[in-house]
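One structure is given here, and the rest of the page talks about it.
The values are calculated or read from the model by the stated rules, or taken from the named source; none is laboratory data. Computed from a prediction, not measured in an experiment: that's the story for all the values here. Here the Cβ positions follow ideal geometry from the backbone for every residue, glycine too, while neighbour counts run over all protein chains shown. Please note that ligands, DNA and RNA were not included when accessible areas were found on the heavy atoms of the full protein model with its side chains. Shrake-Rupley method; radii C 1.70, N 1.55, O 1.52, S 1.80 Å.
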Amino acid sequence: MTTMRILVTNDDGILAEGLLILKRALEPLGEVFVVAPERPRSGSGHAITLHKPLRLHTVHLNDGSLAYSTNGTPSDCVTLGTTVVMNGRCDMVFSGINEGANLGWDVTYSGTVSAAMEGAIFNIPSVAISVCCSEDEEPEYDAALHFAHKLAEVLRDHKLPPHTLLNVNVPNCTMAQVKGVAVTRQGTRQYVDRVEARVDPWGRKYYWLTGSLANEDVPPDSDVAAIRAGKISVTPIHLDLTAEALLDELMRWPLQ
Ligand code: MN
């Protein structure tokens, strides 16, 4: 068996604990290249950098290994990582392990998931993996670490269809505490109280985007439901956002 070449990136930045943990989880399976943003870029979505130079800097991770940091976005990291650092020879992209969930509609904001989407655009099997800790919880990466390794093994033998990726969310616990693995569909995630208005020392208003999760019923086959049940959630995602169900009806609208 030839060794796999795996790109590891994230949106929490080159210094994030989850990045190094993911790298170490995948290392036994092949050659792992780490290319990550030089600063945290959570919530940057699928942004790319077009109007300023991108730089790649070599850095050493906490285990002493070589990695690359960029001034670009998570998506830029995948482009530079696969084409420049890996010379176009990349077998898999793993993005994470993100500190915080990427469930439901959150995937559209997520730099973690967008990096995996970029991998899917390049038609490389790609995975986004996140640990579902809340803001006030310490992340426990054990379950995510073990599942990342297992999933990379599975993906070696099972092909993803073109331009699809897997969005994985893992409960904030050890592998022994996980209640199972669920294949899920993308759920919804509604927030309430999204904007908090405050006043700065000069009397001018400013705003924080915030919000807590709406306590809604969720479909039992959704990613949100799986995490609530203490399970690992694996959601297949594709890049085609077309609302299939509306195509036929839209053709009957007086648009001509
Ligand atoms: Mn993040």
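Listing for the model above:
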{"read-out": "Lysines whose Cα lies under 20 Å from that of Lys23, excluding same-chain neighbours fewer than 8 positions away", "value": "Lys150"}
{"read-out": "Residue-count net charge about Arg185 - beta-carbon cut-off 9 Å; Lys, Arg +1, Asp, Glu -1", "value": "-2"}
{"read-out": "Value at 222 nm in deg cm²/dmol, rounded to 500, when DSSP H runs of n ≥ 4 in the chain each add -39,500 (n - 2.57)", "value": "-6500 deg cm²/dmol"}
{"read-out": "Local electrostatic count at Pro236 - Lys and Arg +1, Asp and Glu -1, tallied over other residues with Cβ under 15 Å", "value": "-1"}
{"read-out": "Positive minus negative residues near Arg5 (Lys, Arg vs Asp, Glu; Cβ under 9 Å)", "value": "-1"}
{"read-out": "Segment 141-256, accessible surface, carbon-and-sulfur percent (1.4 angstrom probe)", "value": "56"}
{"read-out": "Separation of alpha-carbon centers, segment 1-74 and segment 168-208, rounded to whole Å", "value": "23"}
{"read-out": "Computed E for His51/Tyr206 - FRET, C-beta separation, R0 30 angstrom, nearest 0.05", "value": "0.65"}
{"read-out": "Of all DSSP beta bridges in segment 1-150, antiparallel share, percent nearest 5", "value": "20"}
{"read-out": "Values of log10 I(q)/I(0), in the order q = 0.13, 0.16, 0.19 Å⁻¹, for segment 35-179 under a Debye, Cα-only, solvent-free model", "value": "-0.58, -0.89, -1.24"}
{"read-out": "Relative packing of 16-29, 56-69, 118-131, which averages over residues the other C-beta atoms within 10 Å, highest first", "value": "118-131, 16-29, 56-69"}
{"read-out": "Extension gain (nm, one decimal) between Val59 and Arg156, 0.36 nm per residue minus Cα-Cα", "value": "32.0 nm"}
{"read-out": "The chain - Kirkwood radius from inverse mean 1/r over Cα pairs (Å)", "value": "19.1"}
{"read-out": "Within the chain, percent of DSSP bridges classed antiparallel, to nearest 5", "value": "40"}
